[in-house]
Amino acid sequence: MPFFHNDALRLRRAEILRHTGRLAAAFVLLYLFCAPFWDGSYTTLFTASPQNVSRLVVALIAVWIVLDGRVGARLRRKVPLLPFGLLMLSVGGLFALSLMSPFASGTAAMTHGLLMLAMGMLLAAMPLSLLEVCAFIAIPAALDVSGLLPDSSGAIDAGVMSTRVLFFVMTMTAALSALLQLYRTIINIQQIAQDPLTGAYSRGFGSEMLFLGFEAARRGCRPFSIAFVDLDNFKQVNDQFGHDRGDRILAHSGASLIAGLRRGDVVVRWGGEEFLVLLPGLTTAQAREVMRRVVENGLADLPNGARQQCSVGIAERIEDKIEEPHSLVDLADQRMYEIKKDQETDGVGTAKMMAAQPVRPSGTSATVILHPACDASLSAGTVS
């Protein structure tokens with residue numbers, strides 16, 4: 001698995017946590033706006049009581065999460081669950097204060113308890129790991145251990161579930177749902193990440209990995225090369241041998257690219273018969289040698305006994321002075337098309353050199369054509 005495949009998963013999960021956290025914060029703001037009218041505390045709303053101060057703290061945290069501004073942005077990126085965690089802790093503190101304070105009414109405690117239960121239900125919508133779930137369970141558990149959660153035997157005898165049992169059932173249900181959400185997120189990402197025909201990554205997921213790999217290389221001051229691969233004369237292959245056979249050739253070509261590369265390299269089906277190969281940590285010369293080795297003998301067998309050939313354009317972020325991932329792709333794509341203009345084909349995808357280029361002697365191995373900017377001396381050289 002590529003080193004930034006997990007990063008792509010974390011990025012998608014962080015996005016889900018961010019949006020769910022903002023939704024939860026908006027709900028808390030609406031709830032706190034209505035709460036004084038439910039528990040009758042609107043008459044003392046502007047007094048400096050501990051309950052009002054706690055409500056103000058919760059509201060400020062919720063506003064910070066909803067606005068999602070620059071304040072704390074770096075911390076939120078590093079710990080995407082932090083905003084919701086702070087909100088959960090503040091709501092738990094508000095509930096605990098309403099239980100401990102002799103001045104808080106029973107209605108206020110019930111109002112804040114319902115808010116705590118609502119936060120637990122919102123927790124169920126988040127893809128959380130087992131460790132994160134345990135951390136959130138610790139909040140109501142601390143309230144229970146401290147003896148703050150009321151548990152009246154009379155309420156049980158009357159057929160009404162006690163607060164302690166209610167919190168336990170709701171918390172465990174939310175925790176299980178959060179774990180299932182994480183599993184579902186992983187499965188969904190795996191399903192949308194892979195192209196079913198070739199086994200390569202899909203373009204949408206590949207674009208995320210391109211961005212992550214480019215940014216990781218920039219932060220680490222490391223080279224980052226990409227290769228844009230286009231199967232030669234693939235339309236003629238489809239016309240001559242049929243689309244079903246063309247699909248099999250395309251699938252075998254993708255499998256050959258994947259099999260010939262390192263574990264940390266990534267093959268993306270960019271569209272049709274085009275592939276994008278991400279080569280993290282490789283300079284232009286190293287990327288050229290890797291791609292030469294992979295494509296020199298063709299990528300798939302053709303029904304007429306020939307091999308499916310391809311054109312390859314290579315670009316590298318440092319040597320080509322590229323600042324954006326999409327610009328790197330555009331440059332590699334442009335170089336690949338320049339190669340296609342400089343070669344002739346026999347109609348079934350086997351590349352031949354133009355007369356102006358060095359001609360491969362008969363009996364030698366295949367000629368690999370790469371853009372001159374990669375290495376002028378090897379831009380159209382014969383591989384022995």
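The values are calculated or read from the model by the stated rules, or taken from the named source; none is laboratory data. Just so you know, these numbers come straight off a predicted model, no measurement behind them. Using ideal geometry, Cβ is built from the backbone for each residue, glycine included, and neighbour counts are taken over all protein chains shown.
Just give me the residues in the stretch 194-206 being in a helix (DSSP H, G or I) and in contact (Cβ under 8 Å) with a residue 40 or more places away in the chain, in sequence order.
ARG203, PHE205, GLY206
Testing LEU60 on (1) modelled with pLDDT under 85; (2) surrounded by fewer than 20 Cβ atoms within 10 Å (Cβ to Cβ), one condition comes back false. Which one is that?
Among (1) modelled with pLDDT under 85; (2) surrounded by fewer than 20 Cβ atoms within 10 Å (Cβ to Cβ), the lone unmet condition for LEU60 is (1).
Regarding ILE249, is this residue in a loop (DSSP other than H, G, I, E, B), touching a residue at least 24 places away in the same chain (Cβ under 8 Å) and either in contact with a helix residue (DSSP H, G or I) (Cβ under 6 Å, 6 or more places away or on another chain) or of a type in the set (A, V, I, L, M, F, W, C) (or both)?
No.
Given (1) under 19 Å from LEU197 (Cβ atoms); (2) out of contact with any Ser or Thr (no Cβ under 9 Å at 6 or more places or on another chain), where does GLY305 come up short, assuming only one miss?
Exception for GLY305: condition (1).
Considering only the stretch 69-77, I want to know if a residue exists there that is surrounded by fewer than 16 Cβ atoms within 10 Å (Cβ to Cβ), among the basic types (Lys, Arg) and assigned to a loop (DSSP other than H, G, I, E, B).
Checked the stretch 69-77: at least one residue is surrounded by fewer than 16 Cβ atoms within 10 Å (Cβ to Cβ), among the basic types (Lys, Arg) and assigned to a loop (DSSP other than H, G, I, E, B).
State all residues of the stretch 218-244 that are touching a residue at least 24 places away in the same chain (Cβ under 8 Å), over 33 Å from the mean Cα position of the chain (by Cα) and crowded, with 17+ Cβ neighbours inside 10 Å; if no residue qualifies, say none.
ASN233, VAL237, listed by residue number.
Tell me, yes or no, whether the stretch 5-21 has at least one residue that is in contact with a helix residue (DSSP H, G or I) (Cβ under 8 Å, 6 or more places away or on another chain), farther than 26 Å from PHE211 by Cβ and modelled with pLDDT of 80 or more.
no
Do we have any residue at all in the stretch 96-114 that's free of Cβ contacts under 8 Å to residues at least 12 places away in the same chain, part of a helix (DSSP H, G or I) and surrounded by fewer than 20 Cβ atoms within 10 Å (Cβ to Cβ)?
yes
Output the residues belonging to the stretch 122-134 that are surrounded by 15 or more Cβ atoms within 10 Å (Cβ to Cβ) and assigned to a helix (DSSP H, G or I).
The answer is LEU122, LEU123, GLU132, VAL133.
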